[in-house]
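Asks: Structure provided below as structure tokens; questions to follow.
The values are calculated or read from the model by the stated rules, or taken from the named source; none is laboratory data. These figures come from a predicted structure and were not determined experimentally. Don't worry about glycine lacking a Cβ; one is built from the backbone with ideal geometry, like all the others, and counts go over all protein chains shown. These area figures cover heavy atoms from the full protein model, side chains too; ligands, DNA and RNA do not enter into them. Shrake-Rupley method; radii C 1.70, N 1.55, O 1.52, S 1.80 Å.
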Amino acid sequence: MSDVRPYLWLIPALPLTAAAITGVFGPRLLRRHSHWPCILAGAGACVVAVLTCLAVYQDIAASEHSQPQQVRVYYEWIRVGDPGAGRGIEVGFGLNADALSAMMVLVVTFVGTLIAIYSVGYMHDDEGYARFFAEVSLFLFMMTTLVLADNFVLLYLGWEGVGLCSYLLIGFWFTKPAAAAAARKAFLVTRIGDMGLLLGILLLWSRFGHYLDYQHIFDNVQSAHKAGTLDYGLLTTACLLLLCGAVGKSAQFPLHVWLPDAMEGPTPVSALIHAATMVTAGVYLVARCTPLFALAPDAQVIVASLGALSALLTALIALTQNDLKRVLAYSTISQLGYMFLALGSGVRSGSEAFVTFAVLAALFHLFTHAFFKALLFLSAGSVMHAMGNVIDMRRFGGLRKVLPQTHWTFLCGGAALAGFPLLSGFWSKDEILDAAWTAGLHAEQYRGWYLVLWLVGLLTAGLTAFYTFRAYFMTFWGEERIPQEAFEHPHGHAAHGGTPRLESPPVMTVPLMVLAVFAVGVGLVLGPTHLFGHFVAHTPDLPEYEAEVPNYFMMVISSLVALAGIATAWWMYVRQPDLPARLAKSAQGLYQLSLNKFHIDELYEAFLLAPLAGFTTFIRIFDLYVLDSLVDLTGQLFRWLGLRFRPVQNGLVQFYALAMVLGLTVFLIALLLKL
């Protein structure tokens, strides 16, 4: 049996070392070479991640046990009391190499390395060049720690760490008020979910074991379930609290409002943190806790319902947005909603294997989404780089000739996102729809409701294809329009024949091409062959998995829906370019509702922030005029008393001697009278 333990620690350690080197030596010594520690560390961690996947695969093939894993506890981290006797807590700093964590860490390091290479070109003029790569390296350390952790406490450390890095990177241009405000908003909104996650972990610790490693908690819950002593209400509460953390980090309704504003950060940050890696942490958390959620169907239906609602709501918002990056941001929330829909569809339906199928559908979409959404964000960054930081699609168009490489890579990513037949998004999206459909037919509880959620998912698939190709056609088709900022911005574009040379340099386009290959082909390689499913299904505590027969009905109907969405976008934005304006005018109310994001931010402002602001104003007034007045009154009282007794303290020694004699006389008289 292969052993990955001797070098597993290198995966988080390499980015941490790069962050320290770049943070200390970057600004003064490395300067414009500050990217090298980040890229080399990311590439090295990716190599170790590949070796880890191969080692886990060999374990799966060689082990008689269907769910092998390798856990290394490097040292005892926290020990309080006597956990063995049910008093206290014990936590080790342990890294876990199973199929799920190996897959996740491979995605994080591979995509992260490509984005770091791309950033060399995108960020080359920035004054905070060294700081940027130090923060990216720190993020890679925190994210790999999160997915490799073998216990809830270490996971929470990585969880909060990626939140910190998100705050730093969203607010990277901190002198820009919009960026600083977006960073604060992201940090505060996700803290709401994080508090729920912390409470969920504490509840699991108090009821299901004082060793907070996953295996110990899951085994205790399963033992209680088999013994008939499990408190299902308490377990459902714990699952919902864990879901709070997932909803915050993965930007699901109602905590989704931070992600679109996070586009104020550099585009590579959007690709790395808010599309491919950090926002998938919530999906990873729910998937990791499948043994808990599988026993709490009420929690599962809430997971699926929130996912479907988030998917549909943000898809409707994306229909009318004109900022290319914000379209992709709302698309990210929508696709994450798809993943939660699958995770919540793994209800008991007479076959435990179906639970695993639903989880694998979500994880497969997570895997494919990382490639095509990172590709789309980086392609949008290439457009923004060429257009002099203009990202409003109404100000440019017809760019397929001046940005040929960016055009083709964006098309590959857009087609994969839209679910074009045989591309990566097609395979993973169909499995999610299949999971919801199957749950609607065979679930023991909420059967009809899952059919409603399936219809929502199918409608969202059509909307996704439409808004994705709306963005594509508005950007790359139609009359060629280039904003004046493209000629003024100092990106070194040389005029040639009256047209600026706008295409991004190879350091940016090569990562786009690599991601395009994966966006197009990874689904075809891993989908119909079931290689992904057979690998990740060997994650410990997942029920035994058997590959299901492909649902050709689902493939056909979802393909027709996707093609219809693409065709509608082509008709409206290429064939009849004046049609969108006429439709918007005729349905002005609905158009404005979508354009203004259903006024959710305004609702938060009116019903949450404004009352809180009023309460804080009341507290401030109470503090200034009531509490301070009481303190001042107390001081004035003692001052008044001091003035009344001031004649006694006159500074005359003979007066003090007389007072002492009189006092002694009174004391002696009292003593004699008592005797």
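Asks: Considering only region 38-61, I want to know if a residue exists there that is assigned to a loop (DSSP other than H, G, I, E, B) and at pLDDT 90 or above.
Replies: no
Asks: Only helices (runs of 4 or more DSSP H) wholly contained in region 158-268 count here; list those with 3 or more residues that are touching a residue at least 60 places away in the same chain (Cβ under 8 Å) and open to solvent by 10 Å² or more (accessible area, probe 1.4 Å).
Replies: Correct list: 177-208, 214-227, 232-249.
Asks: Scan E602, E544 and give me the residue that is open to solvent by 50 Å² or more (accessible area, probe 1.4 Å) and either within 30 Å of I317 (Cα to Cα) or polar (S, T, N, Q) (or both).
Replies: E602
Asks: Return the only residue of D82, D98 being over 19 Å from the mean Cα position of the chain (by Cα), crowded, with 23+ Cβ neighbours inside 10 Å, farther than 25 Å from F25 by Cβ and not hydroxyl-bearing (S, T, Y).
Replies: D98
Asks: Further question on the same structure: Among the residues in region 31-48, are any open to solvent by less than 60 Å² (accessible area, probe 1.4 Å), within 23 Å of L148 (Cβ to Cβ) and without any contact (Cβ under 8 Å) to a residue 40 or more places away in the chain?
Replies: Taking every residue of region 31-48 in turn, at least one turns out to be open to solvent by less than 60 Å² (accessible area, probe 1.4 Å), within 23 Å of L148 (Cβ to Cβ) and without any contact (Cβ under 8 Å) to a residue 40 or more places away in the chain.
Asks: Can you name every residue in region 75-95 that is of a type in the set (D, E, K, R) and at pLDDT below 80?
Replies: E76, D82, R87, E90 - these are the residues of region 75-95 that are of a type in the set (D, E, K, R) and at pLDDT below 80.
Asks: So T314 passes all but one of these: (1) part of a helix (DSSP H, G or I); (2) at pLDDT below 95. Which condition number does it fail?
Replies: With (1) part of a helix (DSSP H, G or I); (2) at pLDDT below 95 applied to T314, the lone miss is (2).
Asks: From L403, L433, L453, grab the single residue that is surrounded by 16 or more Cβ atoms within 10 Å (Cβ to Cβ), in contact with a Phe, Trp or Tyr (Cβ under 7 Å, 6 or more places away or on another chain) and in contact (Cβ under 8 Å) with a residue 12 or more places away in the chain.
Replies: After ruling out the rest, the residue left standing is L433.
Asks: From the list L662, L593, L641, which one is open to solvent by 70 Å² or more (accessible area, probe 1.4 Å) and outside any loop (DSSP other than H, G, I, E, B)?
Replies: L662 is the lone residue from the list that is open to solvent by 70 Å² or more (accessible area, probe 1.4 Å) and outside any loop (DSSP other than H, G, I, E, B).
Asks: Can you name every residue in region 522-552 that is among the aromatic types (F, W, Y) and at pLDDT below 90?
Replies: Y545, Y552
Asks: From the list L612, L563, L608, pick out the single residue that is surrounded by 14 or more Cβ atoms within 10 Å (Cβ to Cβ) and of a type in the set (A, V, I, L, M).
Replies: L563
Asks: Check G419, G413 and return the single one that is under 21 Å from G533 (Cβ atoms) and open to solvent by less than 10 Å² (accessible area, probe 1.4 Å).
Replies: Answer to the check: G419.
Asks: Looking at this structure, is W427 modelled with pLDDT of 95 or more, open to solvent by 20 Å² or more (accessible area, probe 1.4 Å) and hydrophobic (A, V, I, L, M, F, W, C)?
Replies: Judged against the criteria, W427 is not a match.
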